[in-house]
1. Could you tell me whether the stretch 35-192 comes out rounded, prolate or oblate from its Cα gyration tensor? Rule is a ≥ b ≥ c as square roots of the eigenvalues, rounded for a/c under 1.5, then prolate if a/b exceeds b/c, otherwise oblate.
2. Order 191-198, 251-258 from most to least packed using the mean count of other Cβ atoms within 10 Å.
3. What ranking do 10-16, 74-80 get when scored by the average of other Cβ atoms within 10 Å per residue, highest first?
4. Quick one: go through the stretch 248-273 and flag any residue whose amide nitrogen is under 12 Å from the point 7 Å out along the Cα-to-Cβ line of Asp298.
5. Which distance in nm do the two modelled labels at Cys440 and Leu159 give, with both placed 7 Å along the Cα-to-Cβ direction?
6. What whole-number value in Å² describes the accessible area per residue of the chain for a 1.4 Å probe?
7. Got a number for the accessible area of Trp103? Probe 1.4 Å, square angstrom, nearest 10.
8. Multiply the residue gap between Gln413 and Gln138 by 0.36 nm, knock off their C-alpha separation, and tell me the result in nm, one decimal place.
Amino acid sequence: MVDKYLNDWSGTRYGTPSDVVLPSSTSEIAAFLRECHEARSPVAVQGGRTGVSGGAAPGDGERVLSIERLNQVEEFDPVEGIVIANAGVVLEDLQSLVEDRGWMFPVDLGSRGSCQIGGNAATNAGGCRVVKYGNMRQSVLGIEAVLANGTVIGPPNRLVKNNAGYSLSHLLIGSEGTLGVITRLALRLVPLPPARRTLLVALAPHCSVSELLAHSKIMLRGALSAIEAMWPDYIEEASRLRLLTRELPSCFQGKRIILIEVEGTSDKELLQMIEAFAEKQLADGLIVDAVLSTSERDALDLWRIREAVADIQLSIRPYVGFDLGMSANDYEQFAATAKERLTNVLPSARSFFFGHVGDGNLHVQVGPCPSATERAVAEDALYELLSPLKTSVTAEHGVGRKKKRFLAHSRSQADIETMKTLKRALDPHCILNPGRIFDC
């Protein structure tokens, strides 16, 4: 059996599957699931295996169902700005296809070269531009899916307005493959912005991330398409690993770094807007310096700093990853307290803080944590700092296997029981991704 089917990006293995099935059509998936439903055979659903919550990693005796051969874009509508695509289409391939025709698929992730749009929908992926375009849910008009018993629901709705009954698509989006296997999607596109600029700023010690976020939203308004934060240890590690493709000013050292992206129809107007914003923050003493992209290549170099996370993760494996949902007002206190806690309880591990701060998503990577005990210590240290039912233990990565013991921290018991009711109704034998999100 090929090793790549045994785990997800986090590298954690949970067992040995019985086999791997690679269907190339919805009808083949339906036939396979009918067989598994009748035989009570558990199924591990896999897309690009770029998740980090253990959802795609199979357990002992599970049958791996890979969607990778469902990889065709079936239709492109340049009038409506809609594509109909198979679930196994790689995100970057879809982006390139529509951009060549003047459109953009706005969901964007660092794993764009490997992740698949079916998995993006199954986990309701977020990424870097949620502050402007929303999560994957906002870009999906409809889906086709196969339920546990082999029933096919669909075809995918392609209408912007359709109130004919329940939205089954929205029910399956974010369900992490536990309610059905997504096979085809109708996706909403947006016109490709003619101009884009990227700004990197170093925060002054007294300025909070949330304060700069507020100024960014007010001054940049609808042009603001991304705002990402990186704490000092993150920048230092990226530099140590030689991941920075351009040298930053010396005053950036030891500072919290904010990456801001703006989009618009005129590069001249964008340049005036972003320069005015940076000058205002410098004059008010909220930032100590700024670096503005001068070309598309220059912007990519600035973005590579933020996308160094995958290499940082590799440098501290086995690591514990967190993607926490909280108010922007809580970033500073949480980061400071969490850093201190982790240093005390896991002195041999390192921690790195960064995130999509425009949409309340703070990431933390902690490692190496070679034992289950160390992992549990890290999890308890951070999750204890979150306000129950007001924050999320997973803002975008999903619950999977790794966060299910903390689900009650973010969802009420009534919520969880309702989820279980839906699971029992659609998958009575609990064959689809068993043990993910909660135990059946």
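1. Values: a/c = 1.90, a/b = 1.44, b/c = 1.32.
Judged from the Cα gyration tensor, the stretch 35-192 comes out prolate (a/c at least 1.5, a/b above b/c).
2. On the way: 191-198: 16.5, 251-258: 18.6.
Going from most to least packed, we get 251-258, 191-198.
3. Values: 10-16: 16.0, 74-80: 11.7.
Taking the mean over residues of other Cβ atoms within 10 Å, the ranking is 10-16, 74-80.
4. Within reach of a label on Asp298, which here means backbone N under 12 Å from a point 7 Å along Cα→Cβ, the stretch 248-273 contributes 271.
5. 3.5 nm
6. On the way: 18580 Å² over 440 residues.
Solvent-accessible surface per residue comes out at 42 Å².
7. My reading of the accessible area for Trp103 is about 40 Å².
8. Numbers: separation 275, 0.36 × 275 = 99.00 nm, distance 2.70 nm.
Between Gln413 and Gln138, full extension yields an extra 96.3 nm.
The values are calculated or read from the model by the stated rules, or taken from the named source; none is laboratory data. These numbers come from a predicted model, not from an experiment. All Cβ positions, glycine included, derive from the backbone under ideal geometry; neighbour counts span all protein chains shown. We work out accessible area using only protein heavy atoms, side chains counted, and drop any ligands, DNA or RNA first. Shrake-Rupley method; radii C 1.70, N 1.55, O 1.52, S 1.80 Å.
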